[in-house]
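Q: Quick one: the structure is below, questions incoming.
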Amino acid sequence: MDSVQHWGVARVYLGDKSGKYPDGNQVIVQGADLRVAFDTPLVANRIGPDFDGVDLVILGHVHEDHMAGLHRVPRARVQVHEADLAAAQSWAGFCAHYGYAQPVLDELYTMVKADFHYHPRPDATAYTDGTVWDLGGGVRIRAHHLPGHTSGHCALVVESEGLAFIGDIDLTGFGPYYGDATSSLAQFRSSLRRVAELDAKVWVTSHHRAVVSDRVQFLADLQRFASKIDERSEKLLGYLQEGPQTLDQLVARRLLYPVGFHLPYVESAERNTIAMHLEELAAAGRVAQDAAGAWQRV
């Protein structure tokens, strides 16, 4: 059995390698009246009755690795931030959420069915920023909307314990991911500032770090995580220092992943991410497009 940490009314089941993708870390919160799960990563399939008996699943956001245990709890209610709701309800909504070309979506569908037990939840309902769930016995959970990774990405704070599940603000060495149609670089920058202001003493990530219980360490980890954004901008500027290049040429050189690394969505994620950085750099007057559509430094 994967290791479990107890933080008052919350239990954190650590996924493989501290929840490294494709796995994740599972939070279960027990109130006097309700048992609630935050997301359902692959580790949810290995927990047993503690997970299988949950009354409610609150998705902090929608991606394939956060829905991998939903098939085990068909009778549990599922709630999702309104901006991500359609992605949880149907494959068509999921496709719009990602925004990839159809051949990529076809390959992705095969992967999410085989590797992540994908089951949409048409019965899922919406929550909004600031929604509070009362689990009984003084246990309360509050949603804090922190978009950027997806348009509906939220932190879920167990207020009675000061425990904040911050999802895919995951403090990894990879850095922030904002490569999909509903992602936003500008919103992610804002969310990275606001996540530091949450009233919490324990921070739980979906991946990699799992649990951080020292604020100084959390803020240092957050700063390193956030710094990846500016590092990517500088990397792009370095490419353009060599001369004008088209978006296709920049995508081929890769900004996020090593050349040759393959997952169905990698090229799409690179294209979306690089386009966001170029837009931000152009607004700052640091790059511009020439008459042929190639990007160059200013």
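The values are calculated or read from the model by the stated rules, or taken from the named source; none is laboratory data. As the structure is a prediction and not an experimental result, all values here were calculated from the model. In this analysis, Cβ positions are derived from the backbone assuming ideal geometry, glycine residues included, and neighbour counts consider all displayed protein chains.
Q: Only one of R224, R189, R193 is under 27 Å from G60 (Cα atoms), part of a helix (DSSP H, G or I) and free of Cβ contacts under 8 Å to residues at least 12 places away in the same chain. Can you tell me which? Walk me through it before giving the result.
A: Details: R224 fails: free of Cβ contacts under 8 Å to residues at least 12 places away in the same chain; R189 fails: free of Cβ contacts under 8 Å to residues at least 12 places away in the same chain.
It is R193.
Q: Pick from the stretch 228-239 the residues that are surrounded by 13 or more Cβ atoms within 10 Å (Cβ to Cβ) and not basic (K, R): which of them is nearest to R297 (Cα to Cα)?
A: The initial filter retains those residues of the stretch 228-239 that are surrounded by 13 or more Cβ atoms within 10 Å (Cβ to Cβ), namely 228-229, 232-233, 235-237, 239.
Now drop any that are not not basic (K, R), which leaves 229, 233, 236-237, 239.
On the way: I229: 18, S233: 12, L236: 10, L237: 7, Y239: 10 Å.
Out of the qualifying residues, it is L237.
Q: Still on this structure, I have one more. Anything in the stretch 1-27 that is of a type in the set (A, V, I, L, M, F, W, C), surrounded by fewer than 21 Cβ atoms within 10 Å (Cβ to Cβ) and within 19 Å of E161 (Cβ to Cβ)? List them, or say none.
A: Within the stretch 1-27, the subset of a type in the set (A, V, I, L, M, F, W, C) is 1, 4, 7, 9-10, 12, 14, 27.
If we keep only those that are surrounded by fewer than 21 Cβ atoms within 10 Å (Cβ to Cβ) as well, we get 1, 4, 7, 9, 14.
V4, W7, V9, L14 - these are the residues of the stretch 1-27 that are of a type in the set (A, V, I, L, M, F, W, C), surrounded by fewer than 21 Cβ atoms within 10 Å (Cβ to Cβ) and within 19 Å of E161 (Cβ to Cβ).
Q: When you scan the stretch 240-253, how many residues do you find that are assigned to a helix (DSSP H, G or I) and more than 28 Å from the chain's Cα centre (by Cα)? Please lay out each step first, then the result.
A: To start, the set of residues in the stretch 240-253 that are assigned to a helix (DSSP H, G or I) comprises 240-241, 247-253.
This time we only want the ones that are more than 28 Å from the chain's Cα centre (by Cα), so: 240-241.
Counting residues in the stretch 240-253 that are assigned to a helix (DSSP H, G or I) and more than 28 Å from the chain's Cα centre (by Cα) gives 2.
Q: Follow-up. Can you tell me which residue within the stretch 91-130, out of those that are in contact (Cβ under 8 Å) with a residue 24 or more places away in the chain and among the hydroxyl-bearing types (S, T, Y), is surrounded by the most Cβ atoms within 10 Å (Cβ to Cβ)?
A: Selected residue: Y98.
Q: Out of (1) outside any loop (DSSP other than H, G, I, E, B); (2) free of Cβ contacts under 8 Å to residues at least 60 places away in the same chain, what's the single condition that is false for N272?
A: Status for N272: all satisfied but (2).
Q: Right, next: Run D106 past the list (1) assigned to a helix (DSSP H, G or I); (2) out of contact with any Cys (no Cβ under 7 Å at 6 or more places or on another chain); (3) closer than 25 Å to S184 by Cβ and report the number of the one that doesn't hold.
A: (3)
Q: Also: List the pairs whose first member sits in the stretch 152-172 and is charged (D, E, K, R), whose second member is surrounded by fewer than 24 Cβ atoms within 10 Å (Cβ to Cβ) and modelled with pLDDT under 95, and whose Cβ atoms are under 6 Å apart, counting only residues at least 6 apart or on separate chains?
A: D170/H208
Q: On to the next question. When you check V132 against the structure, is it aliphatic (A, V, I, L, M), in the same structural domain as D84 (by TED's automatic domain parsing) and within 27 Å of L263 (Cβ to Cβ), yes or no? Even if it seems obvious, please write down each step before you answer.
A: Working: aliphatic (A, V, I, L, M): yes; in the same structural domain as D84 (by TED's automatic domain parsing): yes; within 27 Å of L263 (Cβ to Cβ): no.
Here the answer is no, as V132 does not meet what is asked.
Q: Also, quick follow-up: Pick from the stretch 135-164 the residues that are charged (D, E, K, R) and either closer than 14 Å to N25 by Cβ or assigned to a strand (DSSP E or B) (or both): which of them is nearest to the chain's Cα centre (by Cα)? Steps first, answer last, please.
A: Kept after step one, since they are charged (D, E, K, R), are these residues of the stretch 135-164: 140, 142, 159, 161.
Applying the additional criterion that residues be either closer than 14 Å to N25 by Cβ or assigned to a strand (DSSP E or B) (or both) yields 140, 142.
Working: R140: 23, R142: 18 Å.
Restricting to residues being charged (D, E, K, R) and either closer than 14 Å to N25 by Cβ or assigned to a strand (DSSP E or B) (or both), the top hit is R142.
Q: Separate question: State which residue is surrounded by the fewest Cβ atoms within 10 Å (Cβ to Cβ) when the search covers only the stretch 165-182 and only residues that are farther than 23 Å from D214 by Cα and within 10 Å of the chain's Cα centre (by Cα). Lay out the reasoning, then the answer.
A: So the first thing to find is which residues in the stretch 165-182 are farther than 23 Å from D214 by Cα, and the list is 177-182.
Next, only the ones that are within 10 Å of the chain's Cα centre (by Cα) stay: 177-178.
Values: Y177: 21, Y178: 26.
The selected residue is Y177.
Q: Looking at (1) closer than 22 Å to P41 by Cβ; (2) surrounded by 20 or more Cβ atoms within 10 Å (Cβ to Cβ); (3) outside the structural domain of E161 (by TED's automatic domain parsing), which one does V287 not meet, given that it meets all the others?
A: V287 satisfies all of (1) closer than 22 Å to P41 by Cβ; (2) surrounded by 20 or more Cβ atoms within 10 Å (Cβ to Cβ); (3) outside the structural domain of E161 (by TED's automatic domain parsing) except (1).
Q: Let me spell it out: the conditions are (1) in a helix (DSSP H, G or I); (2) touching a strand residue (DSSP E or B) at 6+ places or on another chain (Cβ under 7 Å); (3) within 30 Å of K17 (Cβ to Cβ), and W203 meets all of them except one. Which number is the exception?
A: (1)
Q: Kindly provide the set of residues from the stretch 47-63 that are over 15 Å from L146 (Cβ atoms) and either touching a Lys or Arg at 6+ places or on another chain (Cβ under 8 Å) or surrounded by 23 or more Cβ atoms within 10 Å (Cβ to Cβ) (or both), ordered by number. Explain how you work it out, then say what you get.
A: We begin by selecting, within the stretch 47-63, every residue over 15 Å from L146 (Cβ atoms); these are 47-57.
Selection gives D50, F51, D52, G53, V54, D55, L56, V57.
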